[in-house]
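Asker: Handing you a structure now.
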Amino acid sequence: MSGTFVGMPAFPKAAQEAVGNPTLRANLRHATHTIRAKRAAAVAEVSDWAALREAGKQIKDHTLRHLDRYLVQLEESVTAAGGTVHWAADADEANRIVTRLVKETGESEVVKVKSMATQEIGLNEALEAEGIRAYETDLAELIVQLGKDRPSHILVPAIHRNRGEIRDIFAAEMSEWGRPAPEGLTDTPAELAEAARLHLREKFLRARVGVSGANFMVAETGTLVVVESEGNGRMCLTLPETLISVVGIEKIVPTWRDLEVFLQTLPRSSTAERMNPYTSTWTGTTDGDGPRTFHLVLLDNGRTDTLADEVGRQALRCIRCSACLNVCPVYERAGGHAYGSVYPGPIGAILSPQLRGTGSEIDASLPYASSLCGACYEVCPVAIDIPEVLVHLRERVVQGGPVTLEGNRTVLKPAKGHAAERAAMRAARWAFARPGALRAGQRLASRTRRLHPRTLPGPGRAWSGSRDLPPVPAEPFRDWWQRTNGGDAGEGRAK
Amino acid sequence: MSSREQILGRVRRALADVPRDGAPDGPDGPKKSDGPNRSDGSHGPGQVAGYEEAVAREYLREHGERSAAQTAELLAENLADYRALVHRCTEDELPSLIGRLFADHGTRTVLAPAGLDPAWLSATDVERVEDRAESTAHELDGVDSVVTACAVAIAETGTIVLDGGPDQGRRRITLVPDHHVCVVRVPGQVVSSVPQALERLDPARPLTWISGPSATSDIELDRVEGVHGPRTLEVVLVD
Ligand code: SF4
């Protein structure tokens, strides 16, 4: 993945810093709790949610199982519709392709729709190095770009900023990038949005090249789909003469009809709306309407390696709705930056180490960035069992084992720094195997924690450093479990 | 080796453990689609072989039973919920209603697609601007309002869909001006649900699905209307 996050401290350290920042914590708490409550209501509105979720899961699994066929079919249909398809094995290749395509237009600036794939490959920086300026046009991405910052949420990238901070960023930085912020700008959201509107409109109206990602690609028809709310997507997809879309190969669905599932589950899961304000679909180019030239760059960049992992491949079902972030107690406190990857939260904790491998400290620590509470699985509209993959990846980090890296099967050595952690895990297993030793086990756990290297064992450390541990409940969990048969009511994990 | 071959090769090796049951392809490779939409609304042979069985579609085609009148009612409600301004009128009242909407908005110039029913603009003297391929985005930016028809409207989600038909024009005309008036024929153009809408739409055309005016919640999750698209969306349901 990109160099954007190079030099990030590993998750536990970054999380500890984030947890010590009360403004950030308040912003995050407000945001995640608001979206969480709204999402539950939006989901409750459709009686067939479970069936939609199951269909979404099956469509994606089927697609992944036949990904080679669907990629070829997509290429054919996009080409037949007047588009040009490019294949990029990694970030560098994708960046080279896009840079070349932009240069061929003779332009030195592009407008961009928010796209995780282009963040993942560090496209803006790559373009910059070649003298091409990329303007982010999503309001939150604009805030992030002007603030020389990194996004911290899939859907609301500037979730960590409050209105006062945004005002200051606009007032100080807009003139660097184009139309300056109006005099006497206040921090009301309406005024801030208006300032962004004026600043960006200037760019949209003169832009000749647009760069986007896509939420879905339909193999059968060659149609690409972008789901958004502000209209900046529509601007970038229709006003420029050339459109370049960079899309991960896992974003395929086989048929047009499949969209009926995801256009119902995605908006409700992400923004808790019945439908997002704007959805755009396009199939190649259309005479006299929209871009005259359309390029699709199909991006691998670790996706085929992820596909090779029998447990981990389900992460490729992800439709980037961000519901798992909003319910995650670790994300809520640590924030998105702590994950050190474009994909934060629970999905980031399983996707990033698979896309990038677990060679770096941050990637090796990500599978620990979870309390394994299972809330992420409950909300996921494509039923990715994130806890299952987390445990699988932890095992991989600790014990080593076979992995695929850049297409080659290899055997990963056990992570060095994790030797103590392994010992701790063995100790924990011993404790849990002996019911009578539970109390002792708890003491053992806290003692082994001190043995861990500084970067481990994940958020537990950061948490205990910044908050009091909750009191011990009157009824032990195991007794409660036996008494209530695991809570029995509601949606059980086991199907 | 090209990256294409490399990626496809990696995919195949990655799937070595997977039984390729319900294969989407016969011995001759993927079956070509002959288009996903038929007038009867079925998806027919557009699907690749084996795909039908691979996915259980036990979800609903629509949520709840409603009469045509109730469906239109729900559409109006959900549109309004997303802060679109909703109006209802008869065919005869439409020109004067459109005239009034322009007057209330202070419209002096209006963009109208070439195929728009001229009667709709017969009760107003605002200056009509043609939707021409040569117009620049800057020219469109100077226009006060746009009026279009739509392809289909979805009641359950409060969505109107434009497909670039002659009475809807190019995508950009409903994007750049700040005021969009969209006329929906009731009940003919109204469906209940997303699945029903997709059946009616042609994926070969560029589609724009609109649920309320442009909005952002990026600043402390406060919803603000109109960052880039039209800040005012008025939907007229014509009975
Ligand atoms: S993992 Fe599931 S819940 Fe999380 S972003 Fe992806 S689709 Fe949404």
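The values are calculated or read from the model by the stated rules, or taken from the named source; none is laboratory data. Every value quoted in this text rests on a predicted model; they were computed, and no experiment measured them. Virtual Cβ from ideal backbone geometry, glycine too; neighbours counted across all protein chains shown.
Asker: Report the residue count in region A:34-49 for those that are facing chain B (nearest Cβ under 9 Å) and assigned to a helix (DSSP H, G or I).
Answerer: 3
Asker: Can you name every residue in region A:364-410 that is without any contact (Cβ under 8 Å) to a residue 12 or more places away in the chain and not small (G, A, S)?
Answerer: A:E395, A:P402, A:N408, A:T410 - these are the residues of region A:364-410 that are without any contact (Cβ under 8 Å) to a residue 12 or more places away in the chain and not small (G, A, S).
Asker: Going residue by residue through region A:338-346, is there one that turns out to be in contact (Cβ under 8 Å) with a residue 40 or more places away in the chain, of a type outside the set (D, E) and surrounded by fewer than 24 Cβ atoms within 10 Å (Cβ to Cβ)?
Answerer: Among the residues of region A:338-346, not one is in contact (Cβ under 8 Å) with a residue 40 or more places away in the chain, of a type outside the set (D, E) and surrounded by fewer than 24 Cβ atoms within 10 Å (Cβ to Cβ), which makes the answer no.
Asker: Continuing with the same structure: Filter region B:8-22 for residues that are under 18 Å from A:V311 (Cβ atoms) and exposed (fewer than 14 other Cβ atoms within 10 Å of the Cβ); which is modelled with the highest pLDDT?
Answerer: Within region B:8-22, the match that is modelled with the highest pLDDT is B:A16.
Asker: Then there's this: Filter region A:205-238 for residues that are in contact (Cβ under 8 Å) with a residue 40 or more places away in the chain, at the interface with chain B (Cβ under 7 Å from one of its Cβ atoms) and under 20 Å from B:G226 (Cβ atoms) and give the result.
Answerer: A:S229, A:E230, A:G231, A:N232, A:R234, A:M235, A:T238
Asker: Oh, and also: With the requirement that a residue be aliphatic (A, V, I, L, M), buried (at least 24 other Cβ atoms within 10 Å of the Cβ), within 15 Å of the ligand (Cβ to nearest atom) and within 14 Å of chain B (Cβ to nearest Cβ), what does region A:304-324 give you?
Answerer: Within region A:304-324, A:A315, A:L316 qualify.
Asker: Right, another one. Please go through region B:3-19 and pick out each residue that is part of a loop (DSSP other than H, G, I, E, B) and at the interface with another protein chain (Cβ under 7 Å from one of its Cβ atoms).
Answerer: Once the filter is applied, which keeps residues that are part of a loop (DSSP other than H, G, I, E, B) and at the interface with another protein chain (Cβ under 7 Å from one of its Cβ atoms), region B:3-19 yields B:L15, B:D17, B:V18.
Every residue, every condition in (1) hydrophobic (A, V, I, L, M, F, W, C); (2) within 16 Å of the ligand (Cβ to nearest atom); (3) surrounded by fewer than 23 Cβ atoms within 10 Å (Cβ to Cβ), yes or no:
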| site | (1), (2), (3) |
| --- | --- |
| A:R201 | no, no, yes |
| A:V218 | yes, no, no |
| A:V227 | yes, yes, no |
| A:M235 | yes, no, no |
| A:R274 | no, no, yes |
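Asker: Could you please let me know if A:G288 is within 14 Å of the ligand (Cβ to nearest atom) and free of Cβ contacts under 8 Å to residues at least 24 places away in the same chain?
Answerer: No: the conditions fail for A:G288.
Asker: Filter region A:52-73 down to the residues that are more than 7 Å from chain B (Cβ to nearest Cβ) and either free of Cβ contacts under 8 Å to residues at least 24 places away in the same chain or farther than 23 Å from A:L355 by Cα (or both) and list them by number.
Answerer: A:R53
Asker: Among the residues of region B:71-100, write down those that are closer than 26 Å to B:D144 by Cβ and among the charged types (D, E, K, R).
Answerer: B:R83, B:R88, B:E91, B:D92, B:E93, B:R100
Asker: Would you tally the residues in region B:102-113 being surrounded by fewer than 21 Cβ atoms within 10 Å (Cβ to Cβ) and out of contact with any Lys or Arg (no Cβ under 9 Å at 6 or more places or on another chain)?
Answerer: Residues meeting the conditions: 5.
Asker: Let me confirm something: among B:T157, B:T148, which residue is surrounded by 18 or more Cβ atoms within 10 Å (Cβ to Cβ), of a type in the set (S, T, N, Q), farther than 21 Å from B:L94 by Cα and under 17 Å from the mean Cα position of the chain (by Cα)?
Answerer: When all the criteria are applied, what remains is B:T157.
Asker: Quick check on my filter: what residues within region A:123-172 are within 11 Å of chain B (Cβ to nearest Cβ), more than 17 Å from the chain's Cα centre (by Cα) and under 21 Å from A:R201 (Cα atoms)?
Answerer: Residues satisfying the conditions are A:T137, A:L139, A:L142, A:I143, A:I166, A:R167, A:F170.
Asker: Then there's this: What number of residues within region B:187-232 satisfy the criterion of being modelled with pLDDT of 95 or more, part of a strand (DSSP E or B) and more than 7 Å from chain A (Cβ to nearest Cβ)?
Answerer: 2
Asker: Taking helices (runs of 4 or more DSSP H) that do not extend beyond region B:65-178, which have at least 3 residues that are within 13 Å of chain A (Cβ to nearest Cβ) and touching a Leu at 6+ places or on another chain (Cβ under 7 Å)?
Answerer: By residue number, B:137-141.
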